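Right, one structure below, let's go through it.
The values are calculated or read from the model by the stated rules, or taken from the named source; none is laboratory data. The shown structure was predicted, so the numbers you read here are calculated from the model rather than taken from an experiment. Because the Cβ atoms are built from the backbone with ideal geometry, glycine has one as well, and the counts that use them run over all protein chains shown.
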Amino acid sequence: MIDAPATRSSRLARVTDTAALLGPAEIRALAAELGVRPTKKLGQNFVHDPNTVRRIVDAAELTADDVVIEVGPGLGSLTLGLLSACRATVAVEIDPPLAERLPRTAAERAGSLAGRLTVLAADALRLRAADLPEQPTALVANLPYNVAVPVVLHLLAELPSLRSGLVMVQAEVADRMAAGPGGRVYGVPSVKTAWYASARRVATVPRTVFWPVPNVDSALVALRRREPPPSGVSREAVFAVIDAAFAQRRKTLRAALAGWAGSADRAAELLLAADIDPATRGERLDVAAFTRLATLAG
C-alpha cells in the first residue's frame, strides 16, 4: 500500500484542495460520454481513487518550479492532482478522444490551474524534445504496462532536462527496474535504467484503485537522474554489450559475448582486461562493468 507519512499531511492537503479529483462515478461518466472502452492494446487502466492520486503526487516530491511530463493521462485522474503541485504539466496522450477531452476536464475541475496544462496528442515513444513547449524536469505517470520500460528509457535519453521521476508500472517491471546485480530479476531493464538514473521501488498500489481492475499488481518506482559511468564510447555501444550479455542468460559471458566480440576467445580477452571472470554471467555485472567492456572493445 502507499503510505502517507504524517509529516506530509499538510502538503497533501495543499496539493489537492484546488482541484476536484475524479472518483469512480466521474471516471465512468467520462468514459461513457466519450464511448471509451479501456483496451489492453493501449494499456488503459484508469485510477479512480482520489486518495491514491494525492499520495502519488506527494511521493513525487515536486516543487513549485517543476515542469512535469505525464505520459498516458487517460481521463485525467493524475493530471488534476499534478496541476496544483508544479508550475506546468505536459500531458502526452496517444488516444485522440482522450487528448481532446482532457483540457476541458481540467477547466471544469481545476479552474485557473487549467492554464498550467498542455496536452499533446502524440505517441510518447516517438516524442522529441522539440515537440514540447518547454523542457520538463520531472516525469510522473501511470504508464501503460505494455510499453513502460521503453517509454522511460526513451524519455530519459531524449529529455536530459529530466532530473527525477515517479512512475506507476506493473509490479514485476518495478522490481526489474530497481534490481541490483546478482538478483533473480536483474536484467536489461535494470542495467539500462541504471545508465541514466538510480531507481527504487517506493510502494505497492492495490488493484482496486483502477478501472477496469487489472489482473496484475502495480508499484511505484522513483527515479533520480545521475551521470552515466565515464567512457569513451556511446550509449548505444554500451547497450549493445548489455543486450548481448542477457540474450542468453544461462550462458557464461565468454559464450554470450562471442557474437558481439567476434569470437569467444576475443570475448574472454576483453573480459579479463576489464577485470571480469569470463566464466561469470551477465547478471553479476553492474552498469560500470558493462561500460568498461564497451570502452575496451573500442
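Restricting VAL205, VAL209, VAL185 to residues that are surrounded by 14 or more Cβ atoms within 10 Å (Cβ to Cβ), in the same structural domain as VAL147 (by TED's automatic domain parsing), closer than 21 Å to ALA148 by Cα and within 17 Å of the chain's Cα centre (by Cα) narrows the list to VAL205. Among the residues of the stretch 212-227, those that are exposed (fewer than 15 other Cβ atoms within 10 Å of the Cβ) and closer than 20 Å to ALA179 by Cα comprise VAL216, ASP217, ARG224, ARG226, GLU227. Checking the stretch 39-54 against the condition returns no match, with no residue being among the basic types (Lys, Arg), modelled with pLDDT under 90, surrounded by 14 or more Cβ atoms within 10 Å (Cβ to Cβ) and on the phi < 0 side of the Ramachandran plot.
Within the set of pairs 6+ apart or on separate chains, which have a first residue in the stretch 54-71 that is closer than 23 Å to LEU120 by Cα, a second that is among the acidic types (Asp, Glu) and modelled with pLDDT of 95 or more, and C-beta atoms under 9 Å apart? From the stretch 54-71, the pairs are ALA60/ASP66; VAL67/GLU134; GLU70/GLU93; VAL71/GLU93.
Within the stretch 272-295, how many residues turn out to be basic (Lys, Arg) and either surrounded by 18 or more Cβ atoms within 10 Å (Cβ to Cβ) or part of a loop (DSSP other than H, G, I, E, B) (or both)? Of the residues in the stretch 272-295, 2 are basic (Lys, Arg) and either surrounded by 18 or more Cβ atoms within 10 Å (Cβ to Cβ) or part of a loop (DSSP other than H, G, I, E, B) (or both).
Residues are listed down the side, and each one gets a yes or a no for (1) within 19 Å of GLU26 (Cα to Cα); (2) in contact with a helix residue (DSSP H, G or I) (Cβ under 9 Å, 6 or more places away or on another chain); (3) of a type in the set (Gly, Ala, Ser); (4) surrounded by 24 or more Cβ atoms within 10 Å (Cβ to Cβ):
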| site | (1), (2), (3), (4) |
| --- | --- |
| LEU78 | yes, yes, no, yes |
| ARG87 | no, yes, no, no |
| LEU98 | yes, yes, no, yes |
| PRO103 | yes, yes, no, no |
| ARG126 | no, yes, no, no |
| GLU134 | no, no, no, no |
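Scanning the stretch 83-107 for residues that are closer than 24 Å to ALA32 by Cα and in contact with a Ser or Thr (Cβ under 6 Å, 6 or more places away or on another chain) yields one hit, ALA91.
Scanning for something more than 28 Å from ALA247 (Cα to Cα), over 14 Å from the mean Cα position of the chain (by Cα) and not in a strand (DSSP E or B), does the stretch 155-176 turn up at least one residue? Yes, that holds for at least one residue.
Which residues, taken from the stretch 177-187, are over 18 Å from VAL238 (Cβ atoms) and in a helix (DSSP H, G or I)? If the condition is that a residue be over 18 Å from VAL238 (Cβ atoms) and in a helix (DSSP H, G or I), then ALA178 is the only one that fits. Candidates in the stretch 188-212 are the residues that are of a type in the set (Gly, Ala, Ser), in contact (Cβ under 8 Å) with a residue 40 or more places away in the chain and in a strand (DSSP E or B); of these, the one that is nearest to VAL238 (Cα to Cα) is ALA197.
Of all positions in the stretch 171-180, at least one carries a residue that is in contact (Cβ under 8 Å) with a residue 12 or more places away in the chain, touching a helix residue (DSSP H, G or I) at 6+ places or on another chain (Cβ under 6 Å) and of a type in the set (A, V, I, L, M). Residues in the stretch 114-145 that are more than 18 Å from the chain's Cα centre (by Cα) and polar (S, T, N, Q): THR118 only.
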